[in-house]
Amino acid sequence: MQLASRAYRNETREVKIGNVTIGGNTKNTLLIGGPCSVESEEQIQQSAALLKSLNLTTLRGGCYKPRTSPYSFQGLGLEGLKLLVKMREQHGLAVITEVRDATHVDEVIAHTDVIQIGAKAMYDQGILRACAKTRKPVLLKRGFGTTLQEFVQAAEFMLSGGNENVILCERGIRTFETKTRFTLDLCGVAYLQEYTNLPIILDPSHALGYRYGVERLSKACVAMGIDGLLIEAHPNPAVAKSDASQQLTHESFIALKSAIEPVANSVGYKII
Ligand code: PEP
Ligand code: MN
């Protein structure tokens, strides 16, 4: 029987991220903020300050970026990881960053609080097996061509390897539609909530690919009673080195938080 299934275990698993917990009976929706990429100390300090000012706890920023083009910004690597550690130490924030390939997976595990496995990396067996051995939480993103069954199987690699701290992340799949970057699969979310016992985080930023509708989509996501929401925001999106078109300004991020709070409350959840 699949360890991720409700048939195996009915309650949603609890996962601790820094000092907060999601899943179980918590009814917490963790609002994760931060830029697509860690670009400089000044930038990530501004992101950390934004989260602190909103009483939020979890900062996300990519250091190893899996870019489609080799000529695009590839991330600061270890230097970026060290900046995230500095944010944890200075501000008490939990940090999330992604692993691009198995060569640096141990380095990422050593520095971060939550390991993000990106949409393009979710089939990488080296990464999955390394993440099975740690007990640090893993945010597993669904590949854009991945069926729900394949998605859950990837999670199963880590659960069966001994890491029970796996969180699923729906971030949009590729469909025939080209006006939006991807299509956020809310039907898939309903399926995962019904049949799996893993916490679920939604990422409307990467799904839409443009900032204009991220707040409205976030309200729809939160209305489903979810464990977390991942939103990209940048102190100056116009100069962002990756995903510039979808990152919110800090002002819009603050507005988004106010807009989703009553929606979360209406389904018995609270934004943390
Ligand atoms: C990201 O989170 O910045 C990212 C690259 O996302 P995805 O793996 O979903 O494309
Ligand atoms: Mn991004």
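The values are calculated or read from the model by the stated rules, or taken from the named source; none is laboratory data. Values in this document were obtained by computation on a predicted structure and should not be read as measured data. Positions of Cβ are generated from backbone atoms using ideal geometry, with glycine treated the same way; all protein chains shown enter the neighbour counts. SASA here: full protein model, heavy atoms, side chains in, ligands and nucleic acids out. Shrake-Rupley method; radii C 1.70, N 1.55, O 1.52, S 1.80 Å.
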* **Signed unit charges on C-beta, dipole axis of region 40-113, positive-most listed residue LEU59, VAL108, LEU81** => LEU59
* To do: Express the carbon and sulfur contribution to the solvent-accessible surface of the chain as a percent, rounded to the nearest whole number, probe 1.4 angstrom.
  => 52 percent
* **Simple Cβ-charge dipole of region 38-128, Lys/Arg +1 and Asp/Glu -1, about Cα centre, in debye nearest 20** => 220 debye
* Accessible surface of SER5 - all protein chains present, 1.4 Å probe, nearest 10 Å² -> 20 Å²
* Asked: What is the magnitude of the charge dipole of the chain about its Cα centre, with +1 placed on the Cβ of each Lys and Arg, -1 on the Cβ of each Asp and Glu, and no other charges, expressed in debye to the nearest 20?
  -> 140 debye
* Are there GluC sites (Glu not before Pro) in region 165-208 that DSSP puts in a loop and that have at most 12 other Cβ atoms within 10 Å, and which ones? -> GLU177
* To do: Using Cα pairs closer than 8 Å and at least 6 residues apart in sequence, work out the relative contact order for the chain, in percent.
  => 21 percent
* **Spatial separation of Cα centroids for region 59-94 and region 170-205, in angstrom** => 25 Å
* To do: Tabulate in residue order the Karplus-calculated ³J(HN,Hα) for region 221-230, using 6.51 cos²θ - 1.76 cosθ + 1.60 with θ = phi - 60°, rounded to whole Hz; enter x for Gly and Pro.
  => 4, 5, 5, 7, x, 10, 8, x, 9, 10
* **Probe 1.4 Å - accessible area at THR147, Å² to nearest ten** => 70 Å²
* Asked: Nearest 20 debye, what's the magnitude of the dipole of region 16-67 about its Cα centre given +1 on Lys and Arg Cβ and -1 on Asp and Glu Cβ?
  -> 280 debye
* So what is log10(I(q)/I(0)) for the chain at q = 0.13, 0.14, 0.16 1/Å, when the Debye sum runs over its Cα atoms only? -> -0.78, -0.92, -1.27
* Asked: Which value does Rg/Rh take for region 124-272 over its C-alpha atoms, Rh per Kirkwood?
  -> 0.98
* Asked: Along region 246-263, what does the Karplus equation 6.51 cos²θ - 1.76 cosθ + 1.60 (θ = phi - 60°) give for ³J(HN,Hα), rounded to whole Hz, x for Gly and Pro?
  -> 9, 6, 7, 6, 5, 4, 5, 5, 4, 5, 4, 4, 5, 6, 8, 4, x, 5
* Asked: GLU41 label point, 7 Å along Cα→Cβ, cut-off 16 Å on backbone N: hits in region 83-102?
  -> 83-91
* Structure fact -> With 0.36 nm assigned to each residue of separation and the Cα-Cα distance removed, CYS187 to SER160 gains 7.1 nm
* Asked: Sorted by accessible area with a 1.4 angstrom probe, largest first, how do ILE254, ILE226 fall?
  -> ILE254, ILE226
* Tell me, what is the per residue accessible area of the chain in Å², probe radius 1.4 Å? -> 41 Å²
